[in-house]
Amino acid sequence: RDMPISKNRHWSLATGIGYSYNNLKQNIEISTVSPNSSTTSTGIVRSRIILHYLEIPFELRWRNASPTSHKFWRIHTGFKASYLLGGNLDYESEIIGNGNENIKAVLNKFQYGVYVSFGFNTWNPYIYYGLNPIFDKVTARLAATVDLPTPPFPEATAIIFWIPGICLPLIWFC
């Protein structure tokens, strides 16, 4: 919901509720050493982490819009809190096999971060920086059987395509 705070409607506050689907893909090379010999096996593990969140953003918006045109500059910045609804890990590997696991227990239930979106007319870059890690450090350390590198904080970049009244993130880069 957009709530103008200036008479010319160039400044506004916005809040809402939404759903987020995140598909994080990794290809990791791992090596295993046999305990009884000096042979090593090397292979690629292809993994996908799929996360579902309920999100509540709070945003400060600036735009130089006019009543007669939708072509204008905009800068939106804000804070977003997210609650984890579900998380799965899918992996494929010749060394450790294939599998699918529910990883909700090792993820932080709440995520929060800051973001900025800016642009002209319908195409707008979007950058998000998470302020806390995706994985719960204590639970993940206890449950880990393979030490896979994970980013300490979630980051996302996207291109947003604006249709009046609708915001569609088209391309996500993580």
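The values are calculated or read from the model by the stated rules, or taken from the named source; none is laboratory data. Because the structure is predicted, anything quoted here is derived from the model rather than measured. As a convention, Cβ positions derive from the backbone with ideal geometry for all residues, glycine included, and neighbour counts pool all protein chains shown. Surface areas here come from the heavy atoms of the whole protein model, side chains and all, with no ligands, DNA or RNA. Shrake-Rupley method; radii C 1.70, N 1.55, O 1.52, S 1.80 Å.
Things to note:
- When V106 is tested against (1) modelled with pLDDT of 90 or more; (2) in contact with a helix residue (DSSP H, G or I) (Cβ under 9 Å, 6 or more places away or on another chain); (3) surrounded by 14 or more Cβ atoms within 10 Å (Cβ to Cβ), only condition (1) is not met.
- The number of residues in the stretch 78-95 that are open to solvent by 60 Å² or more (accessible area, probe 1.4 Å) and either modelled with pLDDT under 85 or β-branched (V, I, T) (or both) comes to 1.
- Only a single criterion out of (1) modelled with pLDDT of 85 or more; (2) open to solvent by less than 80 Å² (accessible area, probe 1.4 Å) is not satisfied by T150, namely (1).
- Scanning the stretch 40-51 for residues being over 14 Å from the mean Cα position of the chain (by Cα) and open to solvent by 40 Å² or more (accessible area, probe 1.4 Å) gives a total of 5.
- Counting only strands (runs of 3 or more DSSP E) wholly contained in the stretch 1-76, the ones carrying 2 or more residues that are in contact (Cβ under 8 Å) with a residue 60 or more places away in the chain occupy 18-33, 40-63.
- Single condition N98 does not satisfy, out of (1) free of Cβ contacts under 8 Å to residues at least 40 places away in the same chain; (2) more than 16 Å from I134 (Cβ to Cβ); (3) open to solvent by less than 90 Å² (accessible area, probe 1.4 Å): (3)
- Among the residues making up the stretch 52-69, those that are under 20 Å from the mean Cα position of the chain (by Cα) and loosely packed, with under 14 Cβ neighbours inside 10 Å are L54, F58.
- Matching residues, the stretch 4-39, being of a type in the set (A, V, I, L, M, F, W, C), modelled with pLDDT of 80 or more and surrounded by 10 or more Cβ atoms within 10 Å (Cβ to Cβ): I5, W11, L13, A14, L24, I28
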